[in-house]
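A short write-up of the structure that comes next.
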Amino acid sequence: MSSSAETPAPVELGWSAFGERPVAAPVELLSPASELAAALQRCRRDLDAERAAAAEALAGVHAAAAEQAVLVFTLSAALRRHDQALIDAGLAVPRRTFLVLRDQMMAALDRGGLTVLDPTGRPFDEVGDLVRVTGWRHGPEYAGEVVAETIEPIVRYGAEVVHPGLVIMGAPDPREGADEGKT
């Protein structure tokens, strides 16, 4: 056995044995306070986005509930309009059933925070910001500008109007005032 086979050749150590290699990009170390501030900003942005989505969803629910309130109001008006005809046709029991259902629907809307307002007879100055006017009626039965007929009611959620009323206004006949001024 030769001793040269057992011992490896000596490796020359020196700077020439090392090669250049790429250096990783420098890492910018941030203070814990700035890291926390960045995390809080991300959380705030996410929270604001969730709040906006929740507010949009709630507005959709309010709009759907307001639409139901308008339909209940329309049902109630139809029942009032055909009240005597239902009684004359021998439908007093179904009429009463419909009235009870109407009252239950209105109570459910009320429990949900919705208020249904019929502005009929109210002065325009009082409800002008809460309604859309679709037409005017003129006649001696109107002392001033008042709501003559409610087509759709005003629906509120708390103080917020979620559905403006749709009304026909009544006013004195403008020709009558002109005739009085001529005498």
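Before moving on, here are some points about what is shown:
- A single entry from ASP125, ASP129 fulfils the requirement of being part of a helix (DSSP H, G or I) and either within 25 Å of GLU160 (Cβ to Cβ) or open to solvent by 90 Å² or more (accessible area, probe 1.4 Å) (or both): ASP125.
- Test for ALA143: is it in a helix (DSSP H, G or I), aliphatic (A, V, I, L, M) and either in contact with a Lys or Arg (Cβ under 8 Å, 6 or more places away or on another chain) or exposed (fewer than 12 other Cβ atoms within 10 Å of the Cβ) (or both): no
- Residues in the range 97-122 that are surrounded by 12 or more Cβ atoms within 10 Å (Cβ to Cβ) and part of a helix (DSSP H, G or I): PHE98, LEU99, LEU101, ARG102, ASP103, MET105, MET106, ALA108, LEU109, ASP110.
- The criterion of at least 1 residues that are of a type outside the set (Asp, Glu), surrounded by 10 or more Cβ atoms within 10 Å (Cβ to Cβ) and over 30 Å from the mean Cα position of the chain (by Cα) is met, among helices (runs of 4 or more DSSP H) falling completely within the range 1-89, by 32-81, 83-88.
- Conditions (1) open to solvent by 40 Å² or more (accessible area, probe 1.4 Å); (2) without any contact (Cβ under 8 Å) to a residue 60 or more places away in the chain: number failed by ALA171: (1)
- Residues of the range 82-122 that are closer than 30 Å to ALA143 by Cα and touching a residue at least 24 places away in the same chain (Cβ under 8 Å): THR115, VAL116, LEU117, ASP118, PRO119, THR120, GLY121, ARG122.
- When ALA92 is tested against (1) over 29 Å from the mean Cα position of the chain (by Cα); (2) open to solvent by 50 Å² or more (accessible area, probe 1.4 Å); (3) under 19 Å from LEU75 (Cα atoms), only condition (2) is not met.
- Conditions (1) among the aromatic types (Phe, Trp, Tyr); (2) more than 29 Å from the chain's Cα centre (by Cα); (3) under 24 Å from ALA59 (Cα atoms): number failed by PHE98: (3)
- Leading residue by the ranking (most open to solvent (accessible area, probe 1.4 Å)) among those in the range 146-162 that are farther than 23 Å from GLN104 by Cβ and in a strand (DSSP E or B): GLU160
The values are calculated or read from the model by the stated rules, or taken from the named source; none is laboratory data. Keep in mind that what you see is a predicted model, and the values were worked out from it rather than measured. Reconstructed Cβ throughout: ideal geometry from the backbone, glycine too, with neighbour counts over all protein chains shown. Accessible surface areas use protein heavy atoms only, side chains included; no ligands, DNA or RNA. Shrake-Rupley method; radii C 1.70, N 1.55, O 1.52, S 1.80 Å.
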